[in-house]
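Before any comments, here is the structure.
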Amino acid sequence: MAATFQWWGEYGASGSPTTTDLGVSGNLFNFKTYNDLSSAADYTSYPITAGNNSYDVWLKGHFTGSFNKVQNAKFWKSSGALGTGETVKFVGHVTAYPQPTTGDSSYASADVLTASPGSANVSFGGDLAGNITGVGYSDFITLQLRTTSAAEAGDTNTFTFTLTYDEN
């Protein structure tokens, strides 16, 4: 048997967040100015205007099935070009869900990588060298789309984010 992977998201207030499995492919979420991952389609009601940021997006890798160990998780943006005045910020080792923000995230503060990193950048149990040995989750992968006043009007490009891991 092998581990089965799907994206998992958390959104809403920090004291009573909502969680959902997002699946493995397709348009799983959109950056928007509303703290809700439940629908990828409602982003037009909550646009990000030039010079502003999206709400933080809080994802995890959800692993099910039969496996011995999942470890060495690596996250990056594998496709999709950023537009003028756009950056996607990232962090992959947050263990607790706080109140999301549209201000400059104190969590998602590094530019998301555009190639597979040389070593793990997503943690398990607060440790980049950590692992799970049964059904479970990675730590949070937090993203935020930030724009400058030079950002182009209209939709951003579509991005593909990839999470790879070693399984044995």
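Derivation of every value follows stated rules applied to the coordinates shown; laboratory data play no part. The model shown is predicted, which means the values in this text are computed figures rather than measured ones. Glycine gets a Cβ as well: all are built from the backbone with ideal geometry, and neighbour counts include every protein chain shown.
What ranking of ASP139, ASP56 emerges when the number of other C-beta atoms within 10 Å of each C-beta is taken as an exposure proxy, fewest first? All intermediate terms of the calculation are to be shown ahead of the outcome.
Values: ASP139 22, ASP56 27.
Lowest to highest Cβ neighbour count: ASP139, ASP56.
Could you give me the ³J(HN,Hα) list for segment 8-25, computed from phi with Karplus coefficients 6.51, -1.76, 1.60 and θ = phi - 60°, whole Hz, x at Gly and Pro?
After applying 6.51 cos²θ - 1.76 cosθ + 1.60, I find 10, x, 10, 8, x, 5, 5, x, 8, x, 9, 10, 7, 7, 9, x, 10, 8 Hz.
In whole Hz and in residue order, list the ³J(HN,Hα) couplings for segment 47-53 that follow from phi through the Karplus curve 6.51 cos²θ - 1.76 cosθ + 1.60, θ = phi - 60°; x for Gly and Pro.
Each residue's phi maps through the Karplus curve to give x, 9, 8, 3, x, 10, 10 Hz.
Return the whole-Å distance between the Cα centroid of segment 142-168 and the Cα centroid of segment 81-136.
11 Å
What ³J(HN,Hα) values, in whole Hz, does the Karplus curve 6.51 cos²θ - 1.76 cosθ + 1.60 give for segment 154-166 when θ = phi - 60°, with x put for Gly and Pro?
Values per residue, Gly and Pro as x: x, 5, 7, 5, 7, 10, 10, 9, 10, 10, 10, 7, 9 Hz.
How do SER16, SER54, SER109 rank when sorted from fewest to most other Cβ atoms within 10 Å of their own Cβ?
Least to most surrounded, the residues fall as SER16, SER109, SER54.
May I ask you to list the lysines whose Cα is less than 28 Å away from that of LYS89, ignoring any residue fewer than eight positions away on the same chain?
Of all the lysines, those that pass the test against LYS89 - Cα under 28 Å, at least 8 places apart if same chain - are LYS32, LYS60, LYS74, LYS77.
On a full-extension model of 0.36 nm per residue, what is the gain between THR164 and ALA110, subtracting their alpha-carbon distance, rounded to one decimal in nm? Numbers along the way, then the final one.
Values: separation 54, 0.36 × 54 = 19.44 nm, distance 1.91 nm.
Net length gain for the segment: 17.5 nm.
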